[in-house]
Amino acid sequence: MFSYVKKAQYHETDQMGIIHHANYVKWMEEARLAYLEELGLGYQQVENEQVFSPVVSIAVQYKAPVRFADEVKINVSVKEYTSVKLVLAYEFFNKTTHQLCSTASSGHCFIKNGKIISLKREMPALHEKISALVPGKE
């Protein structure tokens, strides 16, 4: 699991003074990019190989609000992986209020030249790194 810390910004709030729900998806992307960078799998490095990983699904469950200036820790982990599909899990923990404020997941595939590919065949080293993160793997 990887933790990413984000301070909620004023421009991210809605009329009620809480973080607008759409910002959680942006925060997921920030955390995902930081996680992959930490693993040595930075998007720029992978995209230099002409391999892209578009989002194919997003699910977010909101449990408690986040307000301006709250500090949020976003835990990211691999939930599921096949050589063509990656699902990441997220937990948003409000460090200011000590509450779990949201859980989420994002699903991704891998494409090259506009076609879905298998990382196992196309980028075996990357496949091995991600495979090692799958829960239950030793």
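The values are calculated or read from the model by the stated rules, or taken from the named source; none is laboratory data. Quick caveat: nothing in here was measured; it's all calculated off a predicted structure. No Cβ is skipped: glycine too gets one built from the backbone with ideal geometry, and neighbour counts run over all protein chains shown. Surface areas here come from the heavy atoms of the whole protein model, side chains and all, with no ligands, DNA or RNA. Shrake-Rupley method; radii C 1.70, N 1.55, O 1.52, S 1.80 Å.
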Practice problem: Report the full-extension gain for the segment Q9 to E30: residue separation times 0.36 nm, less the Cα-Cα distance, to one decimal in nm. | Solution: 6.1 nm
Self-check item: Gain upon complete extension [K120, A59; 0.36 nm per residue less C-alpha separation]
Solution: 19.3 nm
Quiz item: By how many degrees, between 0 and 90 and to the nearest 10, does the Cα long axis of helix 22-38 differ from the longest principal axis of the chain?
Solution: 50 degrees
Quiz item: For the modelled label position 7 Å from the Cα of A69 along Cα-to-Cβ, which residues of segment 91-110 have backbone nitrogen atoms closer than 14 Å?
Solution: 96-97
Quiz item: Per the helix-only calculation at 222 nm, which mean residue ellipticity applies to the chain, given -39500 (n - 2.57) for every DSSP H run of n ≥ 4 and division by its residues, nearest 500 deg cm²/dmol?
Solution: -7000 deg cm²/dmol
Quiz item: For the chain, with the dipole built from +1 on Lys and Arg beta-carbon atoms and -1 on Asp and Glu ones, taken about the Cα centre, which of H98, V78, A31 lies farthest toward the positive end?
Solution: V78
Quiz item: Using alpha-carbon positions, what is the distance between the centroids of segment 71-122 and segment 1-22, in Å?
Solution: 18 Å
Quiz item: Where in segment 91-113 is the amide nitrogen less than 20 Å from a point lying 7 Å along the Cα-to-Cβ axis of K85?
Solution: 104-112
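Can you tell me the accessible area per residue over segment 47-99, all protein chains present, probe 1.4 angstrom, in square angstrom? Walk me through the intermediate numbers first.
On the way: 2880 Å² over 53 residues.
Value returned for segment 47-99: 54 Å² of accessible area per residue.
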Practice problem: Count the lysine pairs in the chain whose Cα atoms sit under 12 Å apart, keeping only pairs 8 or more residues apart in sequence or on different chains. | Solution: 10
Self-check item: Relative packing of 40-49, 104-113, which averages over residues the other C-beta atoms within 10 Å, highest first
Solution: 104-113, 40-49
Quiz item: Order of 88-97, 125-134 by packing, highest average Cβ count within 10 Å first?
Solution: 88-97, 125-134
Practice problem: Using the Cα centre as the reference, give the magnitude of the dipole from point charges on the C-beta atoms of segment 23-138 (Lys, Arg: +1; Asp, Glu: -1; all else neutral), rounded to the nearest 20 debye. | Solution: 300 debye
Self-check item: Within segment 42-92: Cβ-based charge dipole about Cα centre, in debye rounded to nearest 20 (Lys, Arg +1; Asp, Glu -1)
Solution: 220 debye
Exercise. Calculate the radius of gyration of the Cα atoms of the chain to one decimal place, then report Dmax, the largest Cα-Cα distance, as a whole number, both in Å.
Key: 16.0, 49
Quiz item: Leaving out ligands, DNA and RNA, what percent of the accessible area of the chain is carbon and sulfur, probe 1.4 Å?
Solution: 52 percent
Practice problem: State the extension gain, in nm to one decimal, for the chain segment bounded by Q45 and N113, taking 0.36 nm per residue of separation less the distance between their alpha-carbons. | Solution: 22.8 nm
